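Asker: Could you have a look at this structure, given as structure tokens, before my questions?
Each value in this text was obtained by applying a stated rule to the coordinates, not by laboratory testing. All figures in this text were calculated on a predicted structure; none of them were measured in a lab. Cβ: placed from backbone, ideal geometry, glycine included. Neighbour counts: every protein chain shown.
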């Protein structure tokens, strides 16, 4: 299954005066930059990030530019090495100066990442949390973007200590929150 196309949706919602949680913006407009990845089978993955107002346009443009490199990618190969692919997108030579770890590029990468994982879970016909729980620690590590643990020995130590246990803990906390 190959990624056939990437599209972006710029969704904005005007709020009444005094509504919203942002005290800085006098005319709040909640916005979502939505990445849509479509496989050759027609199955579609969706990634959403929240922004405010006209800045959403910039995030949508960055999604288009960054996700273009995913067209033609085999989904299983992409997800098997997602951490490395994420790193290449974050280090895009023309967009890197906009801040891969903050701002426009950060939000665009988040939307793309969400769409990739959503699509992967749909293809595997599992809820995402279950898909992640079923992965081996090695598979989890190859799918993560890991700059804080760059030395190989540190990363191998994390795998030996049971990175899957951390994933289980995070997932169970999410399920408990969801059930409230």
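Asker: Using R₀ = 35 Å, calculate the FRET efficiency as 1/(1 + (r/R₀)^6) where r is the Cβ-Cβ separation of residue 128 and residue 16; round to 0.05.
Answerer: So the FRET efficiency works out to roughly 0.55.
Asker: Okay, next question. Throw me the Rg/Rh for the range 47-127, computed over C-alpha atoms with Kirkwood Rh, two decimals.
Answerer: Answer for the range 47-127: 0.98.
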